[in-house]
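The values are calculated or read from the model by the stated rules, or taken from the named source; none is laboratory data. Since this is a predicted model, take the numbers as computed values, not measurements. We place every Cβ from the backbone using ideal geometry, glycine too, and count neighbours over all the protein chains shown. Ligands, DNA and RNA are excluded from the accessible area calculation, which covers all protein heavy atoms including side chains. Shrake-Rupley method; radii C 1.70, N 1.55, O 1.52, S 1.80 Å.
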Amino acid sequence: MLTCTDEDLGVQLKHDEVVLDGFLIFFLLILTMSVKIDVVRLEIPENTNVIVGQSHFIKTVEDLYETLVSSSPSIKFGIGFCEASGKRLIRKDGNDEKLITSAVDACKRIAAGHVFVIYISNSFPINVLNRIKSVEEVVRVFAATANPLQVLVAETDQGRGVIGVVDGMTPLGVETEEDVKERYSILRKFGYKK
Amino acid sequence: MLTCTDEDLGVQLKHDEVVLDGFLIFFLLILTMSVKIDVVRLEIPENTNVIVGQSHFIKTVEDLYETLVSSSPSIKFGIGFCEASGKRLIRKDGNDEKLITSAVDACKRIAAGHVFVIYISNSFPINVLNRIKSVEEVVRVFAATANPLQVLVAETDQGRGVIGVVDGMTPLGVETEEDVKERYSILRKFGYKK
Amino acid sequence: MLTCTDEDLGVQLKHDEVVLDGFLIFFLLILTMSVKIDVVRLEIPENTNVIVGQSHFIKTVEDLYETLVSSSPSIKFGIGFCEASGKRLIRKDGNDEKLITSAVDACKRIAAGHVFVIYISNSFPINVLNRIKSVEEVVRVFAATANPLQVLVAETDQGRGVIGVVDGMTPLGVETEEDVKERYSILRKFGYKK
């Protein structure tokens with residue numbers, strides 16, 4: 001992705017002081033938008049789901065570990081957490097080396113203070129999401145998905161923060177009566193609904 | 001709303017290769033911002049409230065239906081949900097045709113994967129919000145309001161995602177002792193506080 | 001912070017109708033982005049933490065007061081809430097004048113409908129966060145932190161809305177075995193983990 005730092009803009013503004021007024025207005029506007037938006041595409045290996053959220057405090061890592069490990073006997077998971085002060089390290093834990101590596105890699109690329117990333121397999125978001133939302137350090141959850149996921153990260157002079165996600169694709173239409181029947185029967189076939 | 005696609009920009013960049021260096025920096029910057037922000041204004045009919053959130057998985061529709069229908073005997077509601085993969089349909093349910101139509105229309109216009117919209121009447125957000133937050137597919141809630149609501153939607157090459165809302169208007173001042181008394185008594189008049 | 005209003009842009013567009021095609025495309029693009037992003041840096045006095053969230057309805061203030069005051073005998077706190085319709089006042093409460101002032105000041109600067117700000121001392125986010133998430137008016141929490149905090153606020157023709165936060169700084173690396181041991185022992189030293 002192409003980038004243009006504030007320094008570039010500063011230089012640019014000086015260059016253009018000789019240019020006609022109209023263009024100066026344009027450069028002022030761009031200086032206002034000193035927030036850069038970065039689109040971070042997360043890799044989601046087959047049969048895994050990713051959960052991205054924000055918490056506070058280093059205790060997050062142990063508490064997320066404990067809540068996930070007790071959620072089911074089958075779950076495999078990896079956690080990454082971006083410590084936002086002090087040593088500012090990506091903290092990590094889990095019970096599967098590959099998933100821990102995936103979570104740490106995602107944290108490196110998101111690189112936003114107090115953001116955590118969890119990869120899970122042999123388990124699904126509905127098995128763990130309410131537990132995660134209830135962890136006492138967790139502020140909010142941005143996404144839980146197996147779809148292609150883009151994390152939108154704003155970057156300022158101080159650091160970075162997640163502003164949203166693009167989770168999968170946009171809708172193509174509205175379901176028909178036939179689609180409703182299919183949806184109804186799929187959930188029963190999965191055993192998710194009676 | 002005016003739009004300018006990535007293709008337009010690509011062409012533009014080629015055009016300007018002959019132009020002086022200063023302007024090239026400007027085009028690089030705009031290519032960086034390949035995230036378009038769309039402002040979607042939701043219609044909120046009289047005596048209704050809207051709740052906008054994000055979840056995951058098609059089961060959301062039935063679980064939201066069940067949690068809302070059991071929240072009070074009086075509630076009327078419509079649910080729309082943007083399926084983000086597979087058939088990518090706007091899924092819908094509820095117990096009031098008009099409110100279902102409102103929810104589906106809002107989903108069409110937001111058009112962001114895994115986003116849901118709920119319209120309620122004969123019920124208020126405080127009657128249902130904690131139930132909705134606890135639905136096991138629900139990732140987060142963006143707004144619950146009867147105010148004019150603008151949903152800010154980011155659009156990338158992959159799809160769309162909600163980044164925030166403008167819920168009502170900005171404040172005009174700070175409450176005085178007199179305002180505090182009035183606030184206190186209004187809540188007692190409503191029967192909301194003892 | 002430099003700003004450029006829609007009016008400026010309107011005038012600008014007229015000015016440039018005489019200019020070559022290439023630059024017209026640029027002005028169309030900027031009109032599309034009529035969302036301004038404002039970076040609001042919150043002051044966090046020593047030994048305090050700040051919690052920023054979004055709710056709905058004026059009852060928020062009393063309910064947050066009650067949930068905070070009952071969270072521990074020691075807590076000192078101040079609450080500010082941006083009423084989004086009607087009188088549109090910043091509502092406030094708490095048990096410490098300085099913290100109430102901090103919360104009101106933060107609300108003045110964020111100035112986004114239905115946003116609340118809480119400052120706490122003699123208490124930590126982990127002591128109150130789950131209580132706050134469970135308040136029936138609370139839609140979501142954006143941040144809970146003692147780090148330098150920037151609140152990213154989008155501004156449209158209608159009003160303002162929080163789109164994200166920069167909470168502390170970006171990570172510098174990944175923790176080593178040595179760092180893990182230190183993290184483990186710090187939490188035990190604090191008495192937070194057995």
Report summary line: In the range B:40-75, anything closer than 30 Å to residue C:160 by Cα, touching a helix residue (DSSP H, G or I) at 6+ places or on another chain (Cβ under 8 Å) and open to solvent by 20 Å² or more (accessible area, probe 1.4 Å) is listed as B:43, B:45
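Looking only at the range A:152-173, count how many residues are surrounded by 15 or more Cβ atoms within 10 Å (Cβ to Cβ) and over 16 Å from residue B:107 (Cα atoms).
The initial filter retains those residues of the range A:152-173 that are surrounded by 15 or more Cβ atoms within 10 Å (Cβ to Cβ), namely A:152-156, A:158-171.
Going one step further and asking which of them are over 16 Å from residue B:107 (Cα atoms), we end up with A:152-156, A:158-165.
Final tally of qualifying residues: 13.
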Query raised in the report: So which of C:145, C:176 is of a type in the set (S, T, N, Q) and surrounded by 24 or more Cβ atoms within 10 Å (Cβ to Cβ)?
Result: C:145
Query raised in the report: Of A:129, A:99, A:152, which residue is touching a strand residue (DSSP E or B) at 6+ places or on another chain (Cβ under 6 Å) and closer than 20 Å to residue B:59 by Cβ?
Result: A:129
Report task. Within the range A:88-100, count every residue that is more than 10 Å from every other protein chain (Cβ to nearest Cβ) and either surrounded by fewer than 24 Cβ atoms within 10 Å (Cβ to Cβ) or at negative phi (or both). Result -> 6
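Can you name every residue in the range A:134-179 that is of a type in the set (S, T, N, Q) and outside any loop (DSSP other than H, G, I, E, B)? Don't jump to the end; show me each part of the working.
Residues of the range A:134-179 of a type in the set (S, T, N, Q): A:134, A:145, A:147, A:150, A:156, A:158, A:170, A:176.
Hits for the range A:134-179 are A:145, A:150.
Applying the selection to the range C:106-122, what residues are more than 10 Å from every other protein chain (Cβ to nearest Cβ) and at negative phi?
Taking the range C:106-122 and keeping what is more than 10 Å from every other protein chain (Cβ to nearest Cβ), we get C:106, C:109, C:116-122.
Answer for the range C:106-122, where residues must be more than 10 Å from every other protein chain (Cβ to nearest Cβ) and at negative phi: C:106, C:109, C:116, C:117, C:118, C:119, C:120, C:121.
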Query raised in the report: Do we find a residue being in the same structural domain as residue B:102 (by TED's automatic domain parsing), among the basic types (Lys, Arg) and either open to solvent by 20 Å² or more (accessible area, probe 1.4 Å) or modelled with pLDDT of 90 or more (or both) anywhere in the range B:11-21?
Result: no
Requested in this report: Among residues belonging to the range A:124-142 that are open to solvent by less than 20 Å² (accessible area, probe 1.4 Å) and more than 8 Å from chain B (Cβ to nearest Cβ), point out the one that is farthest from residue A:53 (Cα to Cα).
Outcome: A:128
Requested in this report: Take residue C:32 and decide whether it is within 20 Å of residue C:83 (Cα to Cα), of a type in the set (Ser, Thr, Tyr) and either modelled with pLDDT under 95 or buried (at least 17 other Cβ atoms within 10 Å of the Cβ) (or both).
Outcome: no
Query raised in the report: Within the range A:65-85, is there a residue that is touching a residue at least 60 places away in the same chain (Cβ under 8 Å), within 9 Å of another protein chain (Cβ to nearest Cβ) and among the charged types (D, E, K, R)?
Result: no
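Hey, which of the strands (runs of 3 or more DSSP E) in the range C:28-121, taking only ones fully inside, have at least 1 residues that are of a type in the set (Asp, Glu)? Explain how you work it out, then say what you get.
Numbers: elements: C:36-42, C:48-54, C:76-82, C:89-94, C:115-121.
Here the list reads C:36-42, C:89-94.
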